Structures are given as C-alpha cells and as structure tokens.
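J.: To start, I am sharing the structure in question, which I have written as structure tokens.
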Amino acid sequence: MPDKDAMTIDERRKYLKIMRRRYRQGDRHSRGMLLREMEQVTGLQRKTLIRLMHGSLERRARQRQRGRTYGAEVDDVLRVIAESYDYICAERLQPNLVAMAQQLADHGELRLSAGLLEQLAKISVPSVRRVLRRLTQDEPHLPRRGPEPANQATRDIPMRRIPWDASQPGHFEVDLVHHCGPDAGGTYVHTLQLIDVATGWSERVAVLGRSYLAMRDAFQRVLARVPFAVLELHPDNGSEFFNAHLLQFWGERVRQAELSRSRPWHKNDNRFVEQKNDSLVRAYLGKQRLDTVAQCRALNALYDKMWLYYNLFQPVMRLCGKEYRTLEDGSLRLHRHFDSARTPFDRLAPTPIFSLERKDALATLRRSLNPRHLRREIYADLDALFALPCATPGVTENVLDALAVPVDA
C-alpha cells in the first residue's frame, strides 16, 4: 500500500527548492550531509538528488498524454451500476462492481463479456470517481447527493455549558424562536433572545428572516442596549449564528467575548434561555405566524417595554445549591435550593462589571416608571400586534425595512 504520509510531487519539489539554497552555499562536507538528509526525507536516490540540485526543479509538461485505459463500454456499465446503487461513493461502489454487474446481467439490464468483467475487477477507486464525476456532471437532478456537509464555521468553536452557578455577569445563552405558525415556508419573524446566566438579565429582538443582515442588526441592537460587557455568547449550532459573516462581525464588535456552543441535540445545554423562550416569548405570542415588516416593528416596540418591565421590576429566583436526599425506600431525590427573589437590575447593581454611571441612569429610569401602567401598555401593544394582518400571498416583504440600522451604516 502507498504511504499516506509520503510527500506529493509538488511538496517534494518545494522542499528541494528550499534545500538547494543551502546546498549551493555549502562546502563538500555540508553538501554530503544535506544529501543524506534529503535522501531520508524524499526517498530519492543520491544521484537523482545531485542532478536536481544542479538542474531545474520546475515540472515539465508530459510530452505524450496517456490514453484512456477504460473505454466507453466501461462508462456505460458504471452508469447503470451507479444508478442501481443510488449513486453511492466510489469507495463503496468499487469493491462491488463485479457482483452488481452480474446481478444486473441476470435480469437483462446489462450485457457482459469476460474482458469487461476483468476491467471492472481491476479498476481503481480514483478511476471510478473520475468516471462518475464525468458521467454525472450534466445530471443536476440526481435523486441523491449524500448527507449534508457539516457546518465548518463551528469547527473551532468549543462545545460546553455555562455553569449554573456562574457568578460573573456577562455570560449569555442565545437562542432563536420561530414565529412561523403551522407553515415553516417563506420568510417570517423570529425572536432573538439572550439570557445572562448570573443575573437573569434578558434581551429580546424581533428579526424578519434569518439572513446575516437581520442577525447583525439584532445583535447591534443588543450590544447598544445591554448595560454591561458581554463576556460570552453561547448559542446552539444553527448556521444563523455560525457563519463566516457573523463570526467576523462578532470578532470586530465583541472582541473580548468568548464564543461557545451547545452540543448537538442537547437542548438542555441552553437551559436558561430555553426556559425563558417559554415564559417570555411563547407565553405572550403563542404559535401564531408573524411575517410582515409591520408585525416585526410592532413586536420590537413591545420588546422595548418588556425590557424595562422584566429587567427592572420582575424579580427572579436563582438556583444556589443542589443536594441529593435518600428516601425511606433507598432511592435518591434531587432537592434544589433557590435564593431570595430579586430583579436582574438588583442582582447586577453590586457587581463591578456594572459602571456607576449606567447604574445611576437605570435607577433613575426605574423610579420614573409606573410598573402597573407599563404592564397595561405591554398587553395593549400585544393586542395591537395580533390585530395586524399577515403577509398577502404573492406580495414580497422587504426585510431591509425591518432593520434598525441601515445596511450601509
């Protein structure tokens, strides 16, 4: 078998170009040492290396092109066999070519000869791959293209959970709530929600669609409004979060923040934001479809008031301890202990991450607000939102009209 770690021709030539500079500058003794080293690295003979050190290392074009080893007859058989196997990869196809060819010949799908069977038995995996690539390049509607490739943007993002007992504010769980109703087709409104694990501070923004422009606009709103530094963003593995454009945006706007992500298919890795998706989004909006610019704007106006109501007035309880107790039957039961209920603002106020200027401004704002009147306004805005019509079939909504920050800003 060929050595998988062996140099390719291009890698070997690049290496020899580097070594030739040292070779030509050295004396007789050092040249001998370099030749021994190059023999070990490249696997080439000493005389060959001496010739290359004094000659040209540029690759020359082949003077006479190779002829085709496998003709049209093999192409026709491979086309039928690949279709019969539902276009599996060449690595799975090549070892079973002869068996499937004989199977298809028994049923009248192919005509085989001894020479054709011999060629099918000796054709290599790369040759099968090249033939199939040529045969299927003009067939864009193959019934099967294999599994969807993994999101490469998540490759360097660590998977973890923010600890439930994190004491420093700034570690946000992030999620996206869909408002598509019973039909997930077309463009519709989503809610981007961020929950700070340490304090329960919550941020919500409505976006129309999941494009980069919509997501960037939502995060710009959050970063402009949140009154303390963002130290970590922890979404799930969705491509609306992890793509090249948004990763670049986060790198420019929140350089101090760490990016982490949940494990695939582990919703409880984002347990705090998942709980708030129910109590602060679904409890208000249900599963109704929202899909217009007007509805998106109305929902953001509602979320502005909910930002005041829930961060400044609504007390939250925080888990402060866990213990297992043994019952009379010998089984264990987990008991959770919670601290006294306090608002996210009150939890944030004594922390050093909260600047005195922002704290005084929010404290003054809270004193000026009537929480009972604010609650009435929230439910009035909710009724006004539900009174807005959904999108008219055949009429396209301009998602740019729902952005708070212009595209060229």
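Please treat every number below as a calculation from the coordinates, not as lab data. Only a predicted model underlies this, so the values are computations on that prediction, with no experimental measurement involved. Ideal geometry is used to build each Cβ from the backbone, glycine not excepted, and the neighbour counts take in all protein chains shown.
J.: Provide, as a two-decimal number, the C-alpha radius of gyration of segment 221-311 over 2.2 N^0.38 Å, N being how many residues it has.
T.: 1.23
J.: Using 0.36 nm per residue, how much length does the chain from Glu118 to Arg31 gain when fully extended, once their Cα-Cα distance is taken away?
T.: 26.3 nm
J.: Can you give the helix-only mean residue ellipticity at 222 nm for the chain, where every DSSP H stretch with n ≥ 4 adds -39500 (n - 2.57) and the sum goes over all residues, rounded to the nearest 500 deg cm²/dmol?
T.: So the helix-based figure for the chain works out to -13000 deg cm²/dmol.
J.: Could you please rank Lys359, Lys287, placing first whichever residue has the fewest other Cβ atoms within 10 Å of its Cβ?
T.: Exposure proxy ranking, most exposed first: Lys287, Lys359.
J.: What's the extension gain from Asp106 to Phe249 if we count 0.36 nm per residue and subtract their Cα-Cα distance?
T.: That pair, Asp106 and Phe249, stretches by 45.4 nm at full extension.
J.: Distances longer than 21 Å among the Cα atoms of segment 72-136: what percent of all pairs is that?
T.: Everything past 21 Å amounts to 10 percent.
J.: Using a cut-off of under 17 Å, list every residue of segment 307-348 whose amide N is near the label point 7 Å from the Cα of Arg366 along the Cα-to-beta-carbon line.
T.: Backbone N within reach: 307-318, 340-348.
J.: Fewest Cβ neighbours within 10 Å first, please rank Val80, Val189 accordingly.
T.: So the ranking, lowest neighbour count to highest, is Val80, Val189.
J.: Separate question: How many percent of Cα pairs in segment 11-54 exceed 16 Å?
T.: For segment 11-54, the share of Cα pairs beyond 16 Å comes to 21 percent.
J.: Could you please tell me the mean projected area of the C-alpha convex hull for the chain, averaged over all directions and given in square nanometres to one decimal?
T.: Over all viewing directions, the chain projects a mean Cα-hull area of 38.2 nm².
J.: Hey, another quick one. Mind jotting down the three principal axis lengths of segment 154-291 based on Cα atoms? Whole angstrom, largest first.
T.: 38, 31, 30
J.: Okay, moving on. Which order do Trp201, Trp307, Trp164, Trp265 fall in if you start with the one that has the fewest other Cβ atoms within 10 Å?
T.: So the residues, fewest neighbours to most, are Trp265, Trp164, Trp307, Trp201.
J.: What does the extension gain come out to for Gln152 and Asp329, with contour length at 0.36 nm per residue minus their alpha carbon separation?
T.: Length difference between fully extended and current span is 58.7 nm.
J.: For the pair Leu319 and Arg358, how long in nm is the line joining their label points, each one 7 Å along Cα→Cβ?
T.: 2.6 nm
J.: If you don't mind, another one. Return the distance in nm (one decimal) between the two label points of a simple spin-label model at Ala61 and Ala224, each offset 7 Å from Cα along Cα→Cβ.
T.: Here the modelled spin labels are 5.8 nm apart.
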